[in-house]
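Asker: Sharing a structure here in structure tokens format.
Coordinate-derived values only; no laboratory data. Keep in mind it's a predicted model, so treat the numbers as computed, not measured. Note that each Cβ is placed from the backbone with ideal geometry, even for glycine, and that neighbours are counted across all protein chains shown.
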Amino acid sequence: MPVISWRLKELAAPERWNPRKLAQRTGLSYQTVWAIWNNKAKRADLATLAALADALEVTPGELMRMEAPT
């Protein structure tokens, strides 16, 4: 079964974002952003995806990638 992983760190790197800056910019909790940043979050609500996508100027779908199972 395919695995979905977060791309937040990858997308934020060129802009020099870090979890703390993203949390401040989006109004999300640091713990939430940190969990997504480190690929620990198993779920996120639509408002969270929208806030992160808006801050990074990407679509919500670009925050994730589907990978083949290892």
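Asker: Scan segment 41-55 residue by residue and report those that are of a type in the set (G, A, S) and over 23 Å from E67 (Cβ atoms).
Answerer: A47, A50, A51, A55, listed by residue number.
Asker: Just to be sure I understand, how many residues within segment 1-40 are touching a Phe, Trp or Tyr at 6+ places or on another chain (Cβ under 7 Å) and either among the aliphatic types (A, V, I, L, M) or over 26 Å from P69 (Cα atoms) (or both)?
Answerer: Matching residues across segment 1-40 total 5.
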